[in-house]
Amino acid sequence: MKCLTIQIDSSAVDSFDRQQFLQQVNAMGRSPEIDAFEEKGRKYLNFNFFTEFPKVLWAELQTKIYKDDDYGKYLDSVSIVACEGERAEDDLLLQHFDKSIKCDSF
């Protein structure tokens, strides 16, 4: 089992509309585990999707959410997407709001 995580940039957590995001993913038939916490004065908001098929899920998220003309551009500007494997060397950074950071692919 792998975990594909969408993490919201800590500077955007307070203004991020969780309900709108959840409506988008629920329409895909997906229901993430939500991990919201504060540590050392920084807020964190993660949406974790556990799957045996992370490549398929990532393609679906890109098609149905990230490539959406309106919401996708916004989400792209405030999120990081990572896929955690069973070993650290399997971990992938799939999307980052800072476009100067190099991302991986499947």
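The values are calculated or read from the model by the stated rules, or taken from the named source; none is laboratory data. Everything numeric in this text was worked out from a predicted model, so none of it was measured. Heads up, the Cβs are rebuilt from the backbone with ideal geometry, glycines too, and the neighbour counts pull from every protein chain shown.
Working carefully through the options Asp9, Asp68, Asp35, find the one that is at pLDDT below 95 and surrounded by 11 or more Cβ atoms within 10 Å (Cβ to Cβ). Show your work before the answer.
Numbers: Asp9 fails: at pLDDT below 95; Asp35 fails: at pLDDT below 95.
Result: Asp68 is the single residue among Asp9, Asp68, Asp35 that is at pLDDT below 95 and surrounded by 11 or more Cβ atoms within 10 Å (Cβ to Cβ).
Out of all the residues in segment 79-97, which are of a type outside the set (Val, Ile, Thr), under 16 Å from Pro32 (Cα atoms) and either part of a helix (DSSP H, G or I) or touching a Leu at 6+ places or on another chain (Cβ under 7 Å) (or both)? Write out each step before concluding.
The initial filter retains those residues of segment 79-97 that are of a type outside the set (Val, Ile, Thr), namely 79, 82-97.
From what is left, the residues that are under 16 Å from Pro32 (Cα atoms) are 79, 82-84.
Matches in segment 79-97: Ala82, Cys83.
Only one of Leu4, Leu22, Leu92 is modelled with pLDDT of 95 or more and under 10 Å from the mean Cα position of the chain (by Cα); which? Spell out the reasoning first.
Numbers: Leu22 fails: under 10 Å from the mean Cα position of the chain (by Cα); Leu92 fails: under 10 Å from the mean Cα position of the chain (by Cα).
Only one candidate qualifies: Leu4.
Could you check, for segment 84-99, whether at least one of its residues is touching a Gly at 6+ places or on another chain (Cβ under 6 Å), farther than 18 Å from Tyr44 by Cα and surrounded by 11 or more Cβ atoms within 10 Å (Cβ to Cβ)? Reasoning before the result, please.
Going through segment 84-99, the residues touching a Gly at 6+ places or on another chain (Cβ under 6 Å) turn out to be 91.
Adding the requirement that they be farther than 18 Å from Tyr44 by Cα leaves 91.
Checking which are surrounded by 11 or more Cβ atoms within 10 Å (Cβ to Cβ) leaves us with 91.
Yes, segment 84-99 contains a residue that is touching a Gly at 6+ places or on another chain (Cβ under 6 Å), farther than 18 Å from Tyr44 by Cα and surrounded by 11 or more Cβ atoms within 10 Å (Cβ to Cβ).
Is it true that Asp76 is of a type in the set (D, E, K, R), in a helix (DSSP H, G or I) and at pLDDT 95 or above? Before you say what the answer is, go through the steps one by one.
On the way: of a type in the set (D, E, K, R): yes; in a helix (DSSP H, G or I): yes; at pLDDT 95 or above: yes.
Considered against the rule, which asks whether it is of a type in the set (D, E, K, R), in a helix (DSSP H, G or I) and at pLDDT 95 or above, Asp76 comes out as yes.
What pairs come out if I take residues in segment 85-96 that are under 17 Å from Thr51 (Cβ atoms) and pair them with residues that are among the basic types (Lys, Arg) and modelled with pLDDT under 95 whose C-beta lies under 9 Å away, six or more apart or interchain?
Listed pairs, sorted by first residue: Gly85/Lys2; Glu86/Lys2; Asp90/Lys2.
Quick grid of which residues meet (1) at positive phi; (2) in contact with a helix residue (DSSP H, G or I) (Cβ under 9 Å, 6 or more places away or on another chain); (3) not acidic (Asp, Glu):
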{"residue": "Asp35", "(1), (2), (3)": "no, no, no"}
{"residue": "Phe49", "(1), (2), (3)": "no, yes, yes"}
{"residue": "Ala88", "(1), (2), (3)": "no, no, yes"}
{"residue": "Asp98", "(1), (2), (3)": "no, no, no"}
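For segment 1-40, which residues satisfy the criterion of being out of contact with any Cys (no Cβ under 8 Å at 6 or more places or on another chain), part of a strand (DSSP E or B) and closer than 27 Å to Phe53 by Cβ? Lay out the reasoning, then the answer.
From segment 1-40, those out of contact with any Cys (no Cβ under 8 Å at 6 or more places or on another chain) are 1, 6-40; that's our starting set.
Filter once more, so that each one left must be part of a strand (DSSP E or B): 6-8, 33-39.
Across segment 1-40, the qualifying residues are Ile6, Gln7, Ile8, Glu33, Ile34, Asp35, Ala36.
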